[in-house]
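The values are calculated or read from the model by the stated rules, or taken from the named source; none is laboratory data. Computed from a prediction, not measured in an experiment: that's the story for all the values here. Here Cβ is always computed from backbone atoms with ideal geometry, including for glycine, and neighbour counts include all displayed protein chains. In case anyone asks, the SASA skips ligands and DNA or RNA and just uses the protein heavy atoms, side chains included. Shrake-Rupley method; radii C 1.70, N 1.55, O 1.52, S 1.80 Å.
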Amino acid sequence: EQWSAIVAQEAIDRLAFSPDGKTLATAEGPIDPGIRLWNVETGAPLGELSGHRSLVKALLFLPGHRLASAGDDQVIRVWDTVAHRLLRTLRGNKSAVVSLALLPDNRTLVSGSAKGEILTWDLDGPPQSFGPVSVPGLVWNWRFTADSKSLITVAPGGEVVRRHGTA
């Protein structure tokens, strides 16, 4: 064990590591929907990102010291993790956002909702979504395969489905 700290008054609901492995982002439960940043080596707090109004269900580090977050408030926020400030707000999801992914082009963000709606976002363009694509049924989590041509979904009952097509 290198370090230990109490980092939340509630359970940690989500966490993500930066691509370089030096920063950890954590999001706790609905009482405090803030996001905290930590130095992985020392455990020292690096800052807090505030703006979500309810439970954060997805965290994803992006290139360029950015972090995307989303959750029950149906909003995606893109943060600068060095300056600790909000860069963009993306609206258009019709239900809680439960998952985020970045396509290999490093500019297309994909959001998935609890009700199966999938939207794509151009991170370099205007804050608007392209889509939607609907996946039948409730989806708790999903990921693209490495070639971005298949989508693996996990349903609340534990069913795993691979869907194939172009991303």
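With the checklist (1) of a type in the set (A, V, I, L, M); (2) surrounded by fewer than 21 Cβ atoms within 10 Å (Cβ to Cβ); (3) in contact with a strand residue (DSSP E or B) (Cβ under 6 Å, 6 or more places away or on another chain) in hand, flag the one item Ala68 doesn't pass.
Of everything listed in (1) of a type in the set (A, V, I, L, M); (2) surrounded by fewer than 21 Cβ atoms within 10 Å (Cβ to Cβ); (3) in contact with a strand residue (DSSP E or B) (Cβ under 6 Å, 6 or more places away or on another chain), Ala68 misses just condition (2).
Residues checked against (1) open to solvent by 40 Å² or more (accessible area, probe 1.4 Å); (2) at pLDDT 95 or above; (3) aliphatic (A, V, I, L, M):
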| position | (1), (2), (3) |
| --- | --- |
| Trp3 | yes, no, no |
| Val7 | no, no, yes |
| Ile12 | yes, no, yes |
| Leu15 | yes, no, yes |
| Thr23 | no, yes, no |
| Gly43 | no, no, no |
| Glu48 | yes, no, no |
| Ser54 | no, no, no |
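Quick one: how many residues across region 91-116 are part of a loop (DSSP other than H, G, I, E, B), of a type in the set (A, V, I, L, M) and closer than 24 Å to Gly64 by Cβ? Walk me through how you get there before you give the answer.
At the first step, the residues of region 91-116 found to be part of a loop (DSSP other than H, G, I, E, B) are 92-96, 103-107, 114-116.
From what's left, of a type in the set (A, V, I, L, M): 96, 103, 114.
After this cut, where a residue has to be closer than 24 Å to Gly64 by Cβ as well, the list is 103.
Within region 91-116, residues that are part of a loop (DSSP other than H, G, I, E, B), of a type in the set (A, V, I, L, M) and closer than 24 Å to Gly64 by Cβ number 1.
So in region 147-163, with the set limited to residues that are of a type outside the set (A, V, I, L, M, F, W, C) and part of a strand (DSSP E or B), which one is modelled with the highest pLDDT? Explain how you work it out, then say what you get.
So in region 147-163, the residues of a type outside the set (A, V, I, L, M, F, W, C) come out as 147-150, 153, 156-159, 162-163.
Those left that are additionally part of a strand (DSSP E or B): 150, 153, 162-163.
Values: Ser150: 78, Thr153: 77, Arg162: 84, Arg163: 78.
The extreme case among them is Arg162.
If Pro19 passes every condition in (1) open to solvent by 20 Å² or more (accessible area, probe 1.4 Å); (2) within 16 Å of Ile76 (Cβ to Cβ); (3) in a loop (DSSP other than H, G, I, E, B); (4) in contact with a strand residue (DSSP E or B) (Cβ under 7 Å, 6 or more places away or on another chain) but one, which one does it miss?
Just one mismatch for Pro19, condition (2).
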